[in-house]
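What follows is one structure encoded as structure tokens, with my remarks underneath.
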Amino acid sequence: MTRGVDCRLHHGQTRAGIAPRAQVDPRAWCKVLAHRVRPGAEVLSVGCGPGVILSAVTNLDLRFRATGIDVSEVRLKQAKEKEIGELRAQFVCGDAQ
């Protein structure tokens, strides 16, 4: 994948260190990631669930390509049914370990 993302959020915070409300709010994630994801980057979402956050992030720039990985086939089916903009995302069922 293209090295397009600065994984540090705020002063070294991880996603778990952000308030629970922001963890599931796609608009909040877009604000956090908008200036950290380079144009045309490939975005990886580990534990993507139904793809809500991944969809919002990929819509920031139509050149983004995305891969979502999740252990739940049910959640991935939901993501695929929503289809993220013109096949710019693929979804993989698996464990990230």
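Taken together, the values in this text are just the output of simple stated rules run on the coordinates, not laboratory data. Every value quoted in this text rests on a predicted model; they were computed, and no experiment measured them.
Multiplying the sequence separation of ALA28 and VAL74 by 0.36 nm and subtracting their Cα-Cα distance, what value in nm do you get? Show your work: numbers first, answer last.
Working: separation 46, 0.36 × 46 = 16.56 nm, distance 2.50 nm.
Gain on stretching ALA28 to VAL74: 14.1 nm.
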Q: For ARG63 and CYS93, compute 0.36 nm times the residue count separating them, minus their Cα-Cα distance, and round to one decimal in nm.
A: 8.4 nm
